[in-house]
Amino acid sequence: MASRVEDPEDVENTEEEKEEEEGEGGKCQACTWCDRMHIHISKWMLPEDLREKYLERANCIPPPLFILLISIAELGVFIYYAVMMPQKQWLTLSNDVLTNSSLSFVSNKRREAWRFVSYMLLHDGVQHILGNLVLQLVLGIPLEIVHKGHRVGMVYLAGVIGGSLASSIFDPGSFLVGASGGAYALMGGYFMNVLVNFKDMIPLFGIFRIIFIVTVVATDMGFALYRRFFIRAQGNSVSFVAHIAGGLAGMTIGYVVFSSFDQRLIKDPRFWVCLAAYLVCFMFAVFFNIYLQLSS
């Protein structure tokens with residue numbers, strides 16, 4: 001009985017084909033969750049005409065480190081002040097702790113320039129820290145996956161700095177703590193993209209997102225106004241102007257940044273217009289604070 005002798009070249013080709021199939025299968029199996037995640041995120045973050053381009057080059061590298069790290073830092077600072085600083089309870093930090101902190105923004109200490117940014121790390125209570133963390137994690141992580149950390153960080157910090165500068169001008173008698181300026185900047189940029197691209201998104205998604213954003217803003221602003229004007233007898237004089245300024249920064253710079261997914265910002269004239277307007281407001285606020293500091 002004759003036996004068939006296989007050609008060595010045929011054996012080698014067959015083994016290479018098997019290895020390629022196994023490699024492709026392993027790759028698809030490992031990336032299934034990641035691919036599904038990008039598909040869902042693209043539906044929430046991008047209009048229909050940009051989703052296909054996004055999915056062609058979507059990846060999880062780098063991961064959303066900016067939002068995660070800034071959230072961990074804010075939580076760590078709150079735990080430190082709640083546990084380590086002397087006070088009766090930790091659900092709400094006392095005004096003495098907040099105003100005496102080297103992180104909070106206080107108008108009579110405006111010469112300490114780092115306070116215009118560092119105030120975002122300090123929160124006045126559990127409700128405050130949880131509200132900001134949930135908002136910036138739920139919205140910020142998907143935004144950072146799509147637009148990457150440098151763009152999200154730019155919008156976030158624009159809201160933080162704009163919030164403190166606006167508060168120093170329009171509400172100088174109060175102190176400022178919390179990351180609401182940055183969180184509102186992310187929400188403002190996302191809100192403008194939903195409005196502008198409403199026709200290109202699934203109607204139900206668009207309506208739900210608008211209702212969600214309006215509900216969050218109305219609830220948070222209502223609580224901030226209540227604390228500012230109706231419980232002042234308890235010493236709670238926390239500014240709410242940063243919410244508004246952060247939202248405006250997001251609706252201008254944030255909108256341009258988040259709507260320029262498929263192009264470089266330096267080539268978008270809208271970016272330069274918004275940046276110029278922001279810098280004009282920034283310089284005015286800086287000189288205004290210098291004048292107040294010299295005159296006091």
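The values are calculated or read from the model by the stated rules, or taken from the named source; none is laboratory data. No experiment lies behind these values; they were computed from the predicted model shown. Note: ideal-geometry Cβ built from the backbone for every residue, glycine included; neighbour counts use all protein chains shown. We work out accessible area using only protein heavy atoms, side chains counted, and drop any ligands, DNA or RNA first. Shrake-Rupley method; radii C 1.70, N 1.55, O 1.52, S 1.80 Å.
Looking at the stretch 149-189, which of its residues are open to solvent by 10 Å² or more (accessible area, probe 1.4 Å), within 22 Å of Leu65 (Cβ to Cβ) and of a type in the set (Val, Ile, Thr)?
Ile161 - this is the single residue of the stretch 149-189 that is open to solvent by 10 Å² or more (accessible area, probe 1.4 Å), within 22 Å of Leu65 (Cβ to Cβ) and of a type in the set (Val, Ile, Thr).
Just to be sure I understand, how many residues within the stretch 72-107 are over 19 Å from Gly173 (Cβ atoms) and at pLDDT 85 or above?
Counting residues in the stretch 72-107 that are over 19 Å from Gly173 (Cβ atoms) and at pLDDT 85 or above gives 12.
Answer yes if at least one residue in the stretch 166-179 is acidic (Asp, Glu) and either part of a helix (DSSP H, G or I) or modelled with pLDDT of 90 or more (or both), and no otherwise. It would help to see each step written out before you state the result.
Residues of the stretch 166-179 acidic (Asp, Glu): 171.
Among the residues that remain, those that are also either part of a helix (DSSP H, G or I) or modelled with pLDDT of 90 or more (or both) are: none.
The answer is no, given that none of the residues of the stretch 166-179 is acidic (Asp, Glu) and either part of a helix (DSSP H, G or I) or modelled with pLDDT of 90 or more (or both).
What pairs come up if the first residue lies in the stretch 270-296 and is more than 17 Å from Gly189 (Cβ to Cβ), the second is modelled with pLDDT of 90 or more and part of a helix (DSSP H, G or I), and their beta carbons are under 6 Å apart, counting only those six or more places apart or on different chains?
What qualifies is Ala285/Leu165.
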